[in-house]
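Working notes for the structure below.
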């Protein structure tokens, strides 16, 4: 495998893994009736769901560098958002203040997995960008 194809594999794993975890976390939100405000829903849709998918598509085109920058920004934005709302800000979205329900374990597990997958996505994008800048 060439360096570019290896990079594309890592980007694909980061994005698709993150999307699966995001979907499961969304199910936990629904089952626990933990709603988000309008701006939070828009942020989740744009930054956490759509932007990484666009970055993935770009990684298969001549716009790889733009895709990597978008992946870095979206995963970093996702990481900060998730960390703040799941672990810092006192709300129903905080892992320690969830409403009663059978999906608390799923919520807590996926909140942690999101942090890990977003950290992985940031690392993949940063390493790929660094590698591509060295080649230039």
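The values are calculated or read from the model by the stated rules, or taken from the named source; none is laboratory data. Everything numeric here is computed off the predicted structure, so don't read it as measured data. Positions of Cβ are backbone-derived with ideal geometry, glycine not excepted, and every protein chain shown enters the neighbour counts.
General observations
- Of the criteria (1) assigned to a helix (DSSP H, G or I); (2) modelled with pLDDT of 95 or more; (3) surrounded by fewer than 17 Cβ atoms within 10 Å (Cβ to Cβ), which one residue 86 fails: (3)
- Scan the range 68-94 for residues that are touching a residue at least 24 places away in the same chain (Cβ under 8 Å), touching a helix residue (DSSP H, G or I) at 6+ places or on another chain (Cβ under 7 Å) and under 23 Å from residue 30 (Cβ atoms) and the total you get is 9.
- Restricted to helices (runs of 4 or more DSSP H) entirely inside the range 1-69, those with at least 1 residues that are under 21 Å from residue 131 (Cβ atoms) are 3-32, 51-58.
- Cβ-Cβ contacts under 8 Å between residues 6 or more apart (or on different chains), taken from a first residue in the range 43-60 that is at pLDDT 95 or above to a second residue that is not in a helix (DSSP H, G or I), are listed as 44/36.
- Among the conditions (1) assigned to a loop (DSSP other than H, G, I, E, B); (2) surrounded by fewer than 16 Cβ atoms within 10 Å (Cβ to Cβ); (3) in contact (Cβ under 8 Å) with a residue 40 or more places away in the chain, residue 98 misses just one, which is (2).
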